[in-house]
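Scroll down for the structure; my scribbles are underneath it.
The values are calculated or read from the model by the stated rules, or taken from the named source; none is laboratory data. None of the values given here were measured: they were computed from a predicted structure. The protein model used for the area step is the full one, side chains on, heavy atoms only, and it has no ligands, DNA or RNA in it. Shrake-Rupley method; radii C 1.70, N 1.55, O 1.52, S 1.80 Å.
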Amino acid sequence: MILSESEESRVIEMAWEDRTPFEAIEDQFGLDEKALISFMRTKLKSGSFKLWRSRVTGRKTKHLKLRSPEIDRAYCATQYKHR
């Protein structure tokens, strides 16, 4: 799958977000978890990729089946403040 530069940027942003599950990325961009890991490996610097992998490995919020039903949004309520 070929993504535009803005789509690649959005995928990376979503992958870093704690509350955005892998399934949401797959639904929007067609990248399953394995493909996303490969994508991130090619798009990030080595150190950034290792940091990202350690951050998301085992994180329950990145998998819909593991996350708490109380989590009903993809971002923190204070993440996008409107003036």
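How would ILE37, ILE2 rank on accessible area, largest to smallest, probe 1.4 Å?
Descending order: ILE2, ILE37.
Hey, what do the phi angles of the range 4-18 turn into as Karplus ³J(HN,Hα) couplings, whole Hz, using 6.51/-1.76/1.60 and θ = phi - 60°, x for Gly and Pro?
Values per residue, Gly and Pro as x: 6, 4, 5, 5, 4, 4, 5, 4, 4, 4, 5, 5, 6, 5, 5 Hz.
Can you give the alpha-carbon Rg of the range 1-62 over 2.2 N^0.38 Å, where N counts its residues?
For the range 1-62, the normalised Cα radius of gyration is 1.01.
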